[in-house]
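Read through the structure below, which is laid out as structure tokens, and then see the notes.
The values are calculated or read from the model by the stated rules, or taken from the named source; none is laboratory data. Every value quoted in this text rests on a predicted model; they were computed, and no experiment measured them. Methodologically, a virtual Cβ is constructed for each residue, glycine included, from the backbone with ideal geometry; neighbour enumeration extends over all protein chains shown.
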Amino acid sequence: MIINGKEYRSVWWENGRLHMIDQNRIPQDFSLMEFTDHLQVADAIRNMNVRGAPAIGAAAAFAMALAAQNATDHGFRAQVRKARELLLSTRPTAVDLQVGVDHVYEQTIKFIPDLAHARQVALLAAQEFANQSAEDCRLIGEQGLHLIPDGSRILTHCNAGALATVDWGTALAVLRLAHRKGRNIFVYVSETRPRHQGSKITAWELQQEGIPHAVIPDSASAFYFWKKEIDLVITGADRVCLNGDIANKIGTYDKAVLAHHHGVPFYIAAPLSTFDFSCAQGSGIPIEFRDSSEITYYGGQITANPGSDVLNPGFDITPADLISGIVTPKGVFKAAEAAQKVQE
Ligand code: MRU
């Protein structure tokens, strides 16, 4: 992605360190973070300095590389295994995190007892994972381009942009390419409470790219469907199951139900690392529940009655039968067939 005239990825390795864009500072600041050990990266994933399924997958893969670099010769295997456990515990819903961590872990332990080689392989595996993830997202843009006719008005939810991935984005890769090809598009960006990934991050990315858009409250989508101002919906995913059910940011399912009611196509865009080939259906996806303070306070102000219990699920499940198609690096497939098609 180009920011202030310079090419960036959301996470990258340089001079023996992991670097990332601090997503908690967007849009007020563009600031970078550097990491020299996996414990710091685990905190950054938990605190959502890095967020978005493919981006946390790549950050966690590099964190495993850091763990291997820093592990002492004595007890190397146990230290790397402990780092794996810690990273897997940071966020439960996006399967990309597990895929990124295990890609590096499995390559690394193969080379024990040659520890110099194991450390080198750990870094190469993390770089390979991040490069493949960026390439997958670039291909998603190409595969999904035909879904966006000139003049489309599109609704998206949360942030499935370049910042949520290593580069390009998933849903936004398709929109970015449509815009670059000269198609006239307009994007409704739903705010995405409580953390505002839509109004803060997606809106910022669209502005960087010069794509016409407007932020709407989460509760306003139905109104724009009713006004017949939405031609299609496209979002990302945190996990795609074998039967085509998906998990994505809380509020995605509402949009799928609305799209179905109004006869509007509803697409999901996902790289291969978001497919969970061991998960039969949506009920098997672990849903992250986040801290109640995300609901009870905003900008230091109380936003909920202090004596009330709070439920704060971060994700919901959209069943396959509400999904018109899943845009993958290998093509656009019916939801129920997507897992099998990408494995072929
Ligand atoms: O809690 P977040 O911000 O990590 O949730 C992100 C999403 O739900 C995205 O839509 C999803 O990860 C797809 S990103 C390409």
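Among the residues of the range 321-344, the ones that are in contact with an Asp or Glu (Cβ under 7 Å, 6 or more places away or on another chain) and within 27 Å of R195 (Cβ to Cβ) come to 0 in all. Just checking, how many residues over the range 202-211 are farther than 12 Å from H157 by Cβ and either part of a loop (DSSP other than H, G, I, E, B) or within 12 Å of the ligand (Cβ to nearest atom) (or both)? So the count comes out to 3. For the residues A55, A71, A67, the requirement of being surrounded by 14 or more Cβ atoms within 10 Å (Cβ to Cβ), in contact with a helix residue (DSSP H, G or I) (Cβ under 6 Å, 6 or more places away or on another chain) and under 26 Å from A173 (Cβ atoms) singles out A55.
Kindly establish whether N184 is of a type in the set (S, T, N, Q), modelled with pLDDT of 95 or more and either surrounded by fewer than 21 Cβ atoms within 10 Å (Cβ to Cβ) or more than 10 Å from the ligand (Cβ to nearest atom) (or both). So N184 fits the description; yes.
One line per residue, one yes/no per condition, for (1) within 16 Å of the ligand (Cβ to nearest atom); (2) buried (at least 24 other Cβ atoms within 10 Å of the Cβ); (3) modelled with pLDDT under 95:
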{"residue": "Q98", "(1), (2), (3)": "yes, no, no"}
{"residue": "Q127", "(1), (2), (3)": "no, no, no"}
{"residue": "S152", "(1), (2), (3)": "no, no, no"}
{"residue": "W168", "(1), (2), (3)": "yes, yes, no"}
{"residue": "A173", "(1), (2), (3)": "yes, yes, no"}
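The criterion of at least 1 residues that are of a type in the set (K, R) is met by the following strands (runs of 3 or more DSSP E) wholly inside the range 231-344: 246-249.
Consider the range 277-305. How many of its residues are among the aromatic types (F, W, Y) and either within 13 Å of V240 (Cα to Cα) or within 16 Å of the ligand (Cβ to nearest atom) (or both)? Residues that pass the stated criteria total 2. Test each condition in (1) modelled with pLDDT of 95 or more; (2) touching a helix residue (DSSP H, G or I) at 6+ places or on another chain (Cβ under 7 Å) for I112 and report the one that comes out false. (1) is the only condition that I112 fails. Within the range 212-224, one or more residues are in a loop (DSSP other than H, G, I, E, B), more than 15 Å from the ligand (Cβ to nearest atom) and surrounded by fewer than 20 Cβ atoms within 10 Å (Cβ to Cβ). Looking at D321, D276, D316, D254, just one residue is exposed (fewer than 15 other Cβ atoms within 10 Å of the Cβ) and either closer than 21 Å to D136 by Cβ or assigned by TED's automatic domain parsing to the domain that holds K228 (or both), and that residue is D321.
Of all the residues in the range 31-88, those that are among the β-branched types (V, I, T), without any contact (Cβ under 8 Å) to a residue 40 or more places away in the chain and within 16 Å of the ligand (Cβ to nearest atom) number 0. Before we move on, is A118 in contact with a His (Cβ under 7 Å, 6 or more places away or on another chain) and either within 30 Å of F289 (Cα to Cα) or surrounded by 18 or more Cβ atoms within 10 Å (Cβ to Cβ) (or both)? So A118 fails the test.
Would you check which residues across the range 93-140 are closer than 30 Å to A178 by Cβ and in a loop (DSSP other than H, G, I, E, B) and list them? Residues satisfying the conditions are T93, A94. Across the range 24-50, the number of residues qualifying as within 16 Å of D167 (Cβ to Cβ) and buried (at least 24 other Cβ atoms within 10 Å of the Cβ) comes to 1.
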